Amino acid sequence: MKLIHDSVHGTIKLEEWMVELIDTPQFQRLRRIKQLGFADLVYPGAHHTRFEHSIGVMHVASKLTTDPHILAAALLHDIGHTPFSHSGEIILKKYMRREHEDVRDIIGKSEIGDILDRHGIDWRRVAEEVARPPVSSVIDVDRIDYLLRDAHYTGVAYGVVDFDRLVEKMHFDGSRVFVDAGGVRAVESFLISRYLMYSAVYHHHVCRIARKMFERAMEWMIEEGMVEPGDLARMDDYDVTWLMRSSEGLAGEIASRLSTRRLFKRAIYSPRGDVSVNVERVDSAKAAREIAEDAGVEDGHVIVDIPPLESSEYDVPVLVDGEFVSIAKLSPLVIALKNAQISSWRLGVYCPEEHVEKVRRAAVDYFDIKTSKQKKLSELFEF
């Protein structure tokens with residue numbers, strides 16, 4: 001047994017096999033991958049990493065189960081992350097056709113699998129449990145830890161969750177996570193916190209712009225043969241930053257802009273109701289090239305950001321009088337949150353500041369936007 005002191009959860013107990021997993025190179029890599037990607041450009045304290053988050057997720061999971069397969073899955077759920085966390089997610093999907101939760105190869109082809117087998121833990125089942133409750137669900141141990149941790153390090157109070165009350169009312173029956181009737185208010189608080197953290201942190205326009213700039217740089221390096229997509233699962237933030245900075249092309253320029261915070265600006269930042277075209281059928285890369293050509297801007301200096309249109313899941317099962325009922329049927333707040341999330345969707349078109357006006361005109365025409373007047377977030381909300 002080993003004790004460590006965590007800034008969010010306090011003292012965390014680690015079994016011997018957990019320490020062995022943490023000491024592997026694959027897990028230690030997570031020390032060098034920031035949890036929130038480029039969010040420190042907005043919130044200077046957001047330098048925490050996937051390393052401490054993963055340990056925290058295991059700790060939260062231990063409140064629901066003692067099954068070592070699930071605890072191992074909670075501990076290892078992020079070892080497939082690319083540099084700068086979700087900022088590299090699109091690369092995995094586009095070039096590798098996989099998600100960061102697909103950790104089977106990493107576990108099975110490394111000492112991690114040997115450690116698990118030696119302790120009587122089936123590594124194949126561990127790899128499967130990463131994408132199952134309670135590690136991954138509508139309400140899960142991953143989300144609970146990152147909301148608490150991200151709120152702590154950004155200084156944003158929106159992510160504060162009544163952790164003790166929530167885990168007391170949460171249950172895992174082997175196939176799903178549910179709460180009893182007395183936990184409805186705690187779940188409402190969790191869902192409200194998740195919505196507010198997405199608005200204030202995860203989808204903050206500066207975070208989105210930096211993320212899309214990084215994605216464009218990575219795509220450029222792959223297209224130029226400077227990096228293989230499969231290498232990203234072995235690289236960390238420092239590796240990819242050095243690679244970008246050593247480039248003389250678009251990736252080098254974007255690396256310089258990110259390191260000095262000379263980010264692209266919003267030419268368009270429009271709600272769904274103002275966009276007349278069906279954005280679900282739009283190829284964002286093709287749209288960026290055509291808008292750049294129409295505006296007379298160099299290729300690669302226009303980025304089109306089309307977030308998913310669907311809202312996050314809110315179907316948390318609540319046990320009422322022996323039957324499971326969706327929390328959406330018990331709480332008007334949940335319906336309001338779903339509608340609020342849909343209404344907060346924005347189409348973004350970003351470019352260097354000196355090109356904003358001509359890119360805006362081209363983008364308004366391309367997407368048939370009803371109004372070209374863009375309100376700043378500071379005009380709508382105070383962050």
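Which condition breaks for GLY159 when tested against (1) in contact with a Ser or Thr (Cβ under 8 Å, 6 or more places away or on another chain); (2) at pLDDT 95 or above; (3) within 30 Å of LEU263 (Cβ to Cβ)?
Answer for GLY159: the failing condition is (2).
If HIS203 passes every condition in (1) modelled with pLDDT under 95; (2) surrounded by 20 or more Cβ atoms within 10 Å (Cβ to Cβ) but one, which one does it miss?
Status for HIS203: all satisfied but (2).
Inspect region 85-93 for any residue being open to solvent by 20 Å² or more (accessible area, probe 1.4 Å) and out of contact with any Leu (no Cβ under 9 Å at 6 or more places or on another chain) and give the result as yes or no.
Going residue by residue through region 85-93, those that are open to solvent by 20 Å² or more (accessible area, probe 1.4 Å) are 86, 90, 93.
Adding the requirement that they be out of contact with any Leu (no Cβ under 9 Å at 6 or more places or on another chain) leaves 90, 93.
Yes; the residues of region 85-93 include at least one that is open to solvent by 20 Å² or more (accessible area, probe 1.4 Å) and out of contact with any Leu (no Cβ under 9 Å at 6 or more places or on another chain).
Taking only region 164-187 into account, find how many residues are in a helix (DSSP H, G or I) and without any contact (Cβ under 8 Å) to a residue 60 or more places away in the chain.
Selection size over region 164-187: 8.
Looking at region 342-368, which of its residues are closer than 20 Å to PRO271 by Cβ and of a type in the set (Asp, Glu)?
ASP365, ASP368
Anything in region 94-111 that is open to solvent by 40 Å² or more (accessible area, probe 1.4 Å), at pLDDT 85 or above and not in a helix (DSSP H, G or I)? List them, or say none.
Selection gives ASP102, LYS109.
Got a sec? Which helices (runs of 4 or more DSSP H) wholly within region 188-305 have at least 3 residues that are under 30 Å from ALA340 (Cβ atoms)?
Values: elements: 205-223, 237-245, 250-260, 284-295.
Correct list: 205-223, 284-295.
What number goes with the only condition from (1) part of a helix (DSSP H, G or I); (2) over 20 Å from ALA127 (Cβ atoms); (3) in contact with a Leu (Cβ under 8 Å, 6 or more places away or on another chain); (4) of a type outside the set (Lys, Arg) that GLU52 does not pass?
Here GLU52 clears every test but (3).
For residues in region 5-48 being charged (D, E, K, R) and within 24 Å of the chain's Cα centre (by Cα), which is most open to solvent (accessible area, probe 1.4 Å)?
In the first step, residues of region 5-48 are kept if they are charged (D, E, K, R); the result is 6, 13, 15-16, 20, 23, 29, 31-32, 34, 40.
If we keep only those that are within 24 Å of the chain's Cα centre (by Cα) too, we end up with 6, 29, 31-32, 34, 40.
On the way: ASP6: 25, ARG29: 12, ARG31: 124, ARG32: 93, LYS34: 38, ASP40: 35 Å².
Selected residue: ARG31.
Please verify whether region 130-144 includes one or more residues that are in a helix (DSSP H, G or I), open to solvent by less than 20 Å² (accessible area, probe 1.4 Å) and modelled with pLDDT of 95 or more. Spell out the reasoning first.
Residues of region 130-144 in a helix (DSSP H, G or I): 141-144.
From what is left, the residues that are open to solvent by less than 20 Å² (accessible area, probe 1.4 Å) are 141, 144.
Next, only the ones that are modelled with pLDDT of 95 or more stay: 141, 144.
Yes - at least one qualifying residue is present in region 130-144.
Pick out the one residue from ASP315, ASP305, ASP299, ASP283 that is charged (D, E, K, R) and surrounded by 13 or more Cβ atoms within 10 Å (Cβ to Cβ).
Numbers: ASP315 fails: surrounded by 13 or more Cβ atoms within 10 Å (Cβ to Cβ); ASP299 fails: surrounded by 13 or more Cβ atoms within 10 Å (Cβ to Cβ); ASP283 fails: surrounded by 13 or more Cβ atoms within 10 Å (Cβ to Cβ).
Unique residue meeting the criteria: ASP305.
Looking at (1) of a type outside the set (Ser, Thr, Tyr); (2) under 25 Å from VAL177 (Cβ atoms); (3) modelled with pLDDT of 95 or more, find the lone condition where ASP114 falls short.
(2)
Looking at region 20-62, which of its residues are farther than 26 Å from LYS212 by Cα and touching a Pro at 6+ places or on another chain (Cβ under 8 Å)?
Passing the criteria: only ALA61.
Among PRO83, PRO68, which is the only one that is touching a residue at least 40 places away in the same chain (Cβ under 8 Å), at negative phi and in contact with an Asp or Glu (Cβ under 7 Å, 6 or more places away or on another chain)?
Numbers: PRO68 fails: in contact with an Asp or Glu (Cβ under 7 Å, 6 or more places away or on another chain).
Sole residue among the options that is touching a residue at least 40 places away in the same chain (Cβ under 8 Å), at negative phi and in contact with an Asp or Glu (Cβ under 7 Å, 6 or more places away or on another chain): PRO83.
So GLN374 passes all but one of these: (1) in contact with a strand residue (DSSP E or B) (Cβ under 7 Å, 6 or more places away or on another chain); (2) modelled with pLDDT under 95; (3) assigned to a helix (DSSP H, G or I); (4) not acidic (Asp, Glu). Which condition number does it fail?
(3)
Please identify the pairs in which a residue from region 294-322 that is farther than 14 Å from VAL179 by Cβ has its Cβ atom under 9 Å from the Cβ atom of a residue that is part of a loop (DSSP other than H, G, I, E, B) and of a type in the set (Ser, Thr, Tyr), counting only partners at least 6 apart or on another chain.
GLU313/SER137
The values are calculated or read from the model by the stated rules, or taken from the named source; none is laboratory data. Only a predicted model underlies this, so the values are computations on that prediction, with no experimental measurement involved. Every residue, glycine among them, receives a Cβ derived from its backbone with ideal geometry; neighbour counts consider all protein chains shown. What goes into the accessible areas is simple: the full protein's heavy atoms, side chains included, and nothing from ligands, DNA or RNA. Shrake-Rupley method; radii C 1.70, N 1.55, O 1.52, S 1.80 Å.
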